[in-house]
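See structure below.
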Ligand code: BG6
């Protein structure tokens, strides 16, 4: 089965931080794939911009090396790479002075009528400077957008300030706050599953659902990002954005359409309905963890403090939270969320556990009746599993068995699974904001997260050690088992 590609208008993508890590690993490969799939209209250009003094040719060489290293086997096609490199340009600009901005303007003026997108793949500390320079040098046309990467602030106050700064140069409809989890195929499938099937929505509430689990487990450690990570921690790095977005899509009311405002209005209501966690209840409802030395798939690995090279730190590399949503649909249904580095494996999923049947008609010999579970698997092996009780085949009375209707998308559709950035980068050109975070959403997420951070500080809640390669601290297991439930730990 092949997917339908609708070409986008010609564009100029200016990537600030164009020679950085995100451009190298994600943005350039994603754009290359969209070219191969025939999504570009000509003339379309990608312009790298950063402080390093590179020529166009040197930037093309950088991009070629990046594609060579980061594309999967069989995806590198010399002719396509040449074609891709021919659309690359580079300008050296300084975010804090006027150096280079006239050259950038001159280059962009060659394509005044094209869609123009500025991607800020840089440290948030210079988001404001860059957006101001773009404004002052009159680079904003009618069809200009700006894309900002997380983190958008480190608390509510800094997020407000950052949003204000960007908002001085750009209108809200021009600002695309990217959360790459929203571009993941299965995350969008969650909406398809809920809103394109009659089956689930009538059951999608506190009458039929016992609880929800959201796990985003990683096997990697700091990956050379100690400087950033140690000042952030798992709550800011993963929960404030990716996990709360997953929670919103799972819990939101049915929007009236897929219109970006309709969807984001509903997500916002969920964020606003989250039960506050603060110094009074944070110790019962949250667990903070930090990995110690252990083993990952590839062998022994260092502990977090050793990776910090002797540092002392109370930063959490794991967090588990029992969240609750104060509304009719979800009253009394806990949403257990957890995420961590150096866990047993890389696995992200949303598990919906339905309530047990109200009355069993089978005798004990039939065996235990498990509650139905719907498992939405984001990665690896994206797909959906629905567990059901069936009769064990063959004669000999009624024996019940828990089986899964298992749909792996890779097997079902036999197509390449595009990286999240591919879709999101094109949505920016199409000016479709459905999968991007609106200002009020980001701020509402911080409003819930800030009191947790403050609660940890006030109560002095310490990180609990866990051995690398496990599922996190034992306190996280206790968090859910106290309620008579268990984590879904299948990899
Ligand atoms: C990023 C976090 O936003 O998401 C990283 O900053 C994390 O710490 C990454 O590793 C996970 O993304 P993915 O797509 O690999 O699950």
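Here are the numbers:
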quantity: Some residue of region 356-372 being surrounded by 19 or more Cβ atoms within 10 Å (Cβ to Cβ) and in contact with a helix residue (DSSP H, G or I) (Cβ under 7 Å, 6 or more places away or on another chain); calculated: no
quantity: Count - residues of region 75-112 that are without any contact (Cβ under 8 Å) to a residue 40 or more places away in the chain and not in a helix (DSSP H, G or I); calculated: 7
quantity: Positions within region 341-355 being within 16 Å of the ligand (Cβ to nearest atom) and either buried (at least 16 other Cβ atoms within 10 Å of the Cβ) or over 19 Å from the mean Cα position of the chain (by Cα) (or both), in sequence order; calculated: 341, 342, 343, 344, 347, 348, 349, 350
quantity: Tabulated pairs, region 222-233, first under 15 Å from residue 316 (Cβ atoms), second in a helix (DSSP H, G or I) and within 11 Å of the ligand (Cβ to nearest atom), C-beta under 6 angstrom, 6+ apart or interchain; calculated: 222/229
quantity: Boolean, residue 449 is within 16 Å of the ligand (Cβ to nearest atom), within 26 Å of residue 183 (Cα to Cα), crowded, with 16+ Cβ neighbours inside 10 Å and at pLDDT 95 or above; calculated: yes
quantity: Positions within region 290-340 being in a strand (DSSP E or B) and either over 26 Å from the mean Cα position of the chain (by Cα) or more than 30 Å from residue 209 (Cα to Cα) (or both), in sequence order; calculated: 290, 291, 292, 294, 295, 296, 299, 300, 301
quantity: Residue within region 130-148 that is modelled with pLDDT of 95 or more, within 16 Å of the ligand (Cβ to nearest atom) and buried (at least 17 other Cβ atoms within 10 Å of the Cβ) present; calculated: yes
quantity: Some residue of region 295-313 being exposed (fewer than 15 other Cβ atoms within 10 Å of the Cβ) and within 16 Å of the ligand (Cβ to nearest atom); calculated: yes
quantity: Filtered residues of region 175-233 (kept if part of a helix (DSSP H, G or I), within 13 Å of the ligand (Cβ to nearest atom) and surrounded by 15 or more Cβ atoms within 10 Å (Cβ to Cβ)); calculated: 180, 181, 182, 183, 185, 186, 187, 226, 229, 230, 232
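The values are calculated or read from the model by the stated rules, or taken from the named source; none is laboratory data. Fair warning: this is a prediction, and the values are worked out from it, not measured in the lab. No Cβ is skipped: glycine too gets one built from the backbone with ideal geometry, and neighbour counts run over all protein chains shown.
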